[in-house]
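This structure is in structure tokens; I'll ask about it shortly.
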Amino acid sequence: MPKPRIVIGVAGRIGSGKTAIAHHIQRKFGFEYLRYSIVLADWYSAHPESKTWLQEIGWQVMSSAGQRELNKRLIDRITHAGNYVVDGLRHPIDFESLKIRFEPNFYLVFVDTPAEIRFERLVDRYATLSDFHKADSHAVESNIEFLKPLATVVLRGSLPFDRLLIQADDFVTTLQRMTTDSGRTPH
């Protein structure tokens, strides 16, 4: 019997470490990597020039009821039976779409990192704390916290980065072990 596919979504605020976690899962565990912002840029046939551009386009999609279409486009890229890690969920519709499509094998990881640590990580992108707060409070970022209570696991982004990766490793290893042991993923 083939192992069921595992799909892991990764969410968190700007600078939380979600992309690093998703890439780590990709490299260490052989998951295919997908990112909402790449799907969004492809949809608009553009190459994102900046985080600001992505936020503006993302907000246009979200505020015009296009979030379901964005999710359809992302899900259409999950084309084979392998495992996937999806980076950058920003809205409960993202969770709902992936959960409905991949139930019972979809899991949400939320990376919860304090603002001061996130700013330190992004100081080269945002010149001032005010610039960081402006980006972090953009309307497209407003629904991220609604994903935290939906998460299968919340990773503590306040830990040193190597310990954050260990949390992710433990979670994925547990999923894989339970999948192998039972022939299906747990819930």
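So if each residue of separation counts as 0.36 nm, and I subtract the Cα-Cα distance between Val123 and Arg73, what length gain in nm does that give? Walk me through the numbers on the way to the answer.
Numbers: separation 50, 0.36 × 50 = 18.00 nm, distance 3.25 nm.
Result for the pair: 14.8 nm of gain on full extension.
So which GluC sites (Glu not before Pro) in the stretch 1-99 are both in a DSSP loop and have at most 16 other Cβ atoms within 10 Å of their Cβ?
Numbers: sites: Glu32, Glu49, Glu56, Glu69, Glu96; in loops: Glu49.
Passing both the DSSP loop test and the Cβ count: Glu49.
Name the residue from Phe31, Thr113, Asn71 whose Cα lies farthest towards the positive end of the charge dipole of the stretch 1-155, charges +1 on Cβ of Lys and Arg and -1 on Cβ of Asp and Glu.
Of Phe31, Thr113, Asn71, it is Phe31.
Next question, about the same structure. Report Rg (one decimal) and Dmax (nearest whole number) for the stretch 66-162, counting Cα atoms only, units Å.
Expressed in Å, the Cα Rg and Dmax of the stretch 66-162 come to 15.3, 44.
Compute the FRET efficiency between Trp59 and Glu103 as 1/(1 + (r/R0)^6), taking r as their Cβ-Cβ distance and R0 = 35 Å, and round to the nearest 0.05.
Details: r = 29 Å, r/R0 = 0.82.
Computed FRET efficiency for Trp59 and Glu103: 0.75.
Between Ser130 and Asp42, what is the label-to-label distance in nm when each label sits 7 Å out along the Cα-to-Cβ direction?
In this crude spin-label approximation the distance works out to 3.9 nm.
How are the Cα pair distances of the stretch 16-101 distributed, in percent, across 5 Å bins from 0?
Values per bin, smallest distances first: 3, 13, 24, 25, 21, 10, 3, 0.
Still on this model: So between Arg163 and Met178, what do we pick up on full extension, going 0.36 nm a residue minus the alpha carbon distance?
Values: separation 15, 0.36 × 15 = 5.40 nm, distance 2.25 nm.
Separation in residues times 0.36 nm, less the Cα-Cα distance, equals 3.1 nm.
With the cut-off at 24 Å, tell me which of the pairs Lys18/Lys148; Lys99/Lys134; Lys99/Lys148; Lys18/Lys134; Lys72/Lys99; Lys28/Lys51 have Cα atoms farther apart than that.
Numbers: Lys18/Lys148 13 Å; Lys99/Lys134 31 Å; Lys99/Lys148 15 Å; Lys18/Lys134 20 Å; Lys72/Lys99 13 Å; Lys28/Lys51 27 Å.
In this structure, Lys99/Lys134; Lys28/Lys51 exceed 24 Å between Cα atoms.
Same structure again: Taking a quarter of the surface of the Cα convex hull of the chain, what do you get in nm²? Could the numbers behind the result be given before it?
Details: hull surface 41.3 nm².
It is 10.3 nm².
Continuing with the same structure: What size of dipole, in debye to the nearest 20, comes out for the chain about its Cα centre when the only charges are +1 on Lys and Arg C-beta atoms and -1 on Asp and Glu C-beta atoms?
Values: 24 positive and 22 negative charges, 96 e Å.
So the dipole magnitude of the chain works out to roughly 460 debye.
Values in this text are rule-based calculations from the coordinates and carry no lab data. The model shown is predicted, which means the values in this text are computed figures rather than measured ones. So basically every Cβ, Gly included, is an ideal-geometry build from the backbone, and we count neighbours across all protein chains shown.
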